[in-house]
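Structure record follows, encoded as structure tokens.
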Amino acid sequence: MTKKRRFMTLNRHIQEGERMHPEATGELSELLHQLGLAAKAISMEVNKAGLVDILGFTGDENVHGEQVKKLDMFAHDILIRAMDHGGHFCVMASEEEENIIHIPKKHRIGKYVLLFDPLDGSSNIDANVSIGTIFSIYKRVTPHGDPGTLEDCLQAGNQQVAAGYIIYGSSTMMVYTAGHGVHGFTLDPQFGEFLLSHEDIRTPDKGRIYSINEGNYLHWRQGLKNYIKYLQSDEFATKPYKARYIGSMVADVHRNLLYGGLFIYPADKRNPQGKLRLQYECNPMAFIVEQAGGLASTGFGRILDIKPEELHQKSPIYLGSKEDVLLVEKFLKEAEDDKHD
Ligand code: AHM
Ligand code: MG
């Protein structure tokens, strides 16, 4: 990597991207910049998580006599505090809150909509496993100037103008797309900046990894059982696929994005709509993966074309390398057709 590239900060990259679009107002750059700041604050707190027990912060109060919040609520609050006063958003929604989040009256109301999952995979925190923040940005569909409404939050994923995730792993990375490829930035803890480390990420057309909670096998539909058995069989290519499942969507998807492969959270007998939330998890990840050359499917159709009806709607998801997604769709369809023969 050249010296020049190493010092391509997130902010500069966003601004340069925007300069290529003369019609752009600079607002998207600014709000992505603010998201980067919130990400740094969350990252610092996540890194401290392991110290909580040692320093005795686990009760309701910390050493300063303040209430200690669970990390996912901390991340939720930080994001709201970082994003509600910039004048960019008309409404927000978080996986951690039942209803839409209004912009306080004292702040200007903007033209964008922000949906986020503040800390996905947070059940993994105590084991020091990677977790992440996921965000999704839309333009409002209701009249400008008024407070945003639920309608603004219930847009199909194909209307997203930007989406991204921050992964708090062995290093902290922010990966985002504004519809022109996918770019990854690694937080330099000494420098305190996100620096371009993965320019224009392309996911392989075909992978060697599958990621699914196989403990639910007995509850899967037949087509999925057939597909996973096929990936495990000797007849397939030269050797079986590797099973890799962290149970933290951002980490599983990030790995598969770089190496190729398929991430699945299916519908099953107990969860007919799967587990993951369309607006906070599936749509932003689908936008990113498609922008990197992959596909995102419900198993029977494109994730990004679903018109949401509820804020916390769930969707099954098959996400990753193009050929792998197409093949699993084929298996699912064949098994459905067999049922009707
Ligand atoms: P969360 O939003 O409560 O953290 O749950 C979402 C997480 C995803 O990160 C992960 O892919 C999935 O739940 C794992 O679920 P399971 O334990 O059922 O395999
Ligand atoms: Mg989540």
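Computed from the coordinates by the stated procedures, all read-outs in this text should not be read as laboratory data. Fair warning: this is a prediction, and the values are worked out from it, not measured in the lab. Using ideal geometry, Cβ is built from the backbone for each residue, glycine included, and neighbour counts are taken over all protein chains shown.
Across all C-alpha atoms in the stretch 209-340, the radius of gyration and Dmax reach 13.9, 44 Å. FRET efficiency for THR25 and GLU336, Cβ-Cβ distance as r, R0 = 41 Å, nearest 0.05? Step by step, r from the Cβ atoms, then E = 0.30. For the listed residue pairs LYS139/LYS314; LYS229/LYS307; LYS269/LYS339, the alpha carbons are over 28 angstrom apart in LYS229/LYS307. The convex hull of the Cα atoms of the stretch 217-294, projected and averaged over all directions, covers 5.9 nm². The orientation-averaged projection of the convex hull spanning the C-alpha atoms of the stretch 284-341 amounts to 4.5 square nanometres. As a proxy for reagent exposure, SER136, SER315 were ordered by neighbouring Cβ count within 10 angstrom, fewest first; the result is SER315, SER136. Projecting label points 7 angstrom from Cα along Cα→Cβ for ASP234 and LEU326 puts them 2.9 nm apart.
Treat the stretch 10-198 as a sphere of radius equal to its Kirkwood radius over Cα pairs and apply Stokes-Einstein at 4 °C in a medium of 1.567 mPa s; give the translational diffusion coefficient in µm²/s, rounded to a whole number. Could you put the intermediate results ahead of the total?
Working: Rh = 17.4 Å.
My calculation gives 75 µm²/s for D.
Can you give the helix-only mean residue ellipticity at 222 nm for the chain, where every DSSP H stretch with n ≥ 4 adds -39500 (n - 2.57) and the sum goes over all residues, rounded to the nearest 500 deg cm²/dmol? The partial results should precede the final answer.
Numbers: 10 runs with 108 residues, N = 341.
Roughly -9500 deg cm²/dmol at 222 nm, from the helical runs in the chain.
Rounded to the nearest 20, the Cβ-based charge dipole of the chain about its Cα centre (Lys and Arg +1, Asp and Glu -1) stands at 760 debye.
What is the dipole size for the stretch 209-340, taken about its Cα centre, with +1 at each Lys and Arg Cβ and -1 at each Asp and Glu Cβ, in debye to the nearest 20? Can you show the working numbers first?
Numbers: 18 positive and 17 negative charges, 62 e Å.
The dipole of the stretch 209-340 has a size of about 300 debye.
Would you work out which of ALA178, ILE131, SER315 lies farthest towards the positive end of the dipole of the chain? Charges go on Cβ: Lys and Arg +1, Asp and Glu -1. Projecting each Cα onto the dipole axis, the largest value belongs to ALA178.
Distance between the modelled labels on SER123 and GLN313, one decimal in nanometres: 2.5 nm (7 Å Cα→Cβ projection). Annotation note: GluC sites (Glu not before Pro) in the stretch 210-289 located in DSSP loop regions with a Cβ neighbour count of at most 12 within 10 Å are GLU235. Restricting the stretch 307-340 to GluC sites (Glu not before Pro) that sit in a DSSP loop and have at most 15 other Cβ atoms within 10 Å of their own Cβ leaves GLU309, GLU310.
For ILE306, ILE42, what ranking results if the residue with the fewest other Cβ atoms within 10 Å of its Cβ goes first? Spell out each step's value before the answer.
Working: ILE306 19, ILE42 26.
Listing ILE306, ILE42 from fewest to most nearby Cβ atoms yields ILE306, ILE42.
When the convex hull of the Cα atoms of the stretch 136-295 is projected onto a plane and the area is averaged over all directions, what value comes out in nm²? Intermediate results must be reported in sequence, preceding the final value.
Details: hull surface 48.1 nm².
Directional mean of the projected Cα hull area for the stretch 136-295 stands at 12.0 nm².
Using only side-chain charges placed at the Cβ, +1 for Lys and Arg and -1 for Asp and Glu, the dipole size of the stretch 177-251 relative to its Cα centre rounds to 520 debye.
Expressed in nm to one decimal, what extension gain is obtained for the pair ALA156 and LYS225 from 0.36 nm per residue of sequence separation less their Cα-Cα distance?
Working: separation 69, 0.36 × 69 = 24.84 nm, distance 2.96 nm.
Full-extension gain reported as 21.9 nm.
For the chain, the alpha carbon positions stretch 62, 51, 46 Å along the principal axes, listed from largest to smallest.
Of VAL113, VAL129, how do they rank once you tally other Cβ atoms within 10 Å and put the fewest first?
Numbers: VAL113 29, VAL129 15.
Listing VAL113, VAL129 from fewest to most nearby Cβ atoms yields VAL129, VAL113.
Would you be so kind as to identify which of PRO22, GLY247, TYR168 lies farthest towards the positive end of the dipole of the chain, taking Lys and Arg as +1 and Asp and Glu as -1 on Cβ and the Cα centre as origin? Checked the options; the winner is PRO22.
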